[in-house]
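Reviewing the structure listed below.
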Amino acid sequence: MASSTLTAPKRTTGGRSSIGLKFLMAASGLLFVLYVLLHMYGNLKVLAGEEAFNDYAHHLRTLGEPMLPYSGFLWAFRLLLIVALVTHVYAALTLWSRARSARTTRYQVKKAVTASFASRWMRWGGVALLLFIIFHLLHFTLLKPDLSDRFTAEEIKASPYDMVVGSFENPLLVLLYTLAMIALGLHLMHGVWSAAQTLGATGTPAKARLWQTVGKIIAAVVVVGFLIPPFAILLNIVGK
């Protein structure tokens with residue numbers, strides 16, 4: 001009796017903790033879905049031309065003025081995204097580690113046979129996306145494309161449009177970007193449904209199918225929306 005009394009609270013606490021981590025993953029994941037859709041919209045401004053895209057980039061930096069300093073809103077939002085990213089990665093790795101530790105050898109064999117492609121992709125695809133995010137941030141900060149043969153340093157600094165166009169004139173970068181967007185689409189397709197399930201929105205088969213459809217639609221829109229600008233630049237439909 002004493003043994004069972006001691007072990008029961010541990011299982012309950014662990015279960016509650018795991019549920020909390022799943023809610024953190026769902027909430028931070030939905031924030032990233034919103035950010036991705038807004039970022040995609042901003043990228044599509046490239047199709048409207050240099051002035052429209054640069055005006056959009058400038059507007060983001062002046063958003064909230066005079067209550068906020070120049071670029072204040074952007075830095076606040078970046079900080080929020082960093083916190084959300086750390087939370088998302090921490091929750092995912094912790095849940096992954098707990099799931100692996102809880103399996104017996106027999107269960108591991110069964111899991112290897114029955115695990116869906118989507119659930120496996122959420123793990124390894126998430127790692128790939130994290131690496132791409134790091135590269136993507138470095139690319140537009142420390143690893144900027146060399147445009148010195150066409151523009152002065154002042155012109156490059158003043159024109160986000162030239163930076164984007166100069167980047168996607170590189171076929172290898174477009175290929176890497178394409179692979180990353182496909183990975184993002186697969187992650188979103190399963191992630192949106194998983195977040196909805198965690199938040200209790202898939203209580204019936206009809207609702208579950210609805211959110212699976214929503215996940216697929218969002219994934220398709222994001223992939224196509226993000227890939228239009230780089231391919232338009234690569235094919236000289238957009239740019240100088």
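The values are calculated or read from the model by the stated rules, or taken from the named source; none is laboratory data. This structure is a prediction, so every number in the text was calculated from the model and none was measured. Please note: Cβ atoms are built from the backbone with ideal geometry, for glycine as well, and neighbour counts cover all protein chains shown.
Some values worked out for this structure:
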read-out: Subset of the stretch 115-129 [in contact with a helix residue (DSSP H, G or I) (Cβ under 9 Å, 6 or more places away or on another chain), more than 19 Å from TYR90 (Cβ to Cβ) and at pLDDT 65 or above]; value: TRP121
read-out: The stretch 167-226: number of residues that are of a type in the set (S, T, N, Q), part of a loop (DSSP other than H, G, I, E, B) and surrounded by 14 or more Cβ atoms within 10 Å (Cβ to Cβ); value: 2
read-out: Residue match in the stretch 53-68 (condition: buried (at least 16 other Cβ atoms within 10 Å of the Cβ), of a type in the set (Asp, Glu), assigned to a helix (DSSP H, G or I) and at pLDDT 90 or above); value: no
read-out: Where a residue in the stretch 17-34 is assigned to a helix (DSSP H, G or I) and its partner, wherever it lies, is surrounded by fewer than 17 Cβ atoms within 10 Å (Cβ to Cβ) and of a type outside the set (Lys, Arg), with Cβ under 7 Å and at least six apart; value: LEU21/THR94; ALA26/LEU199
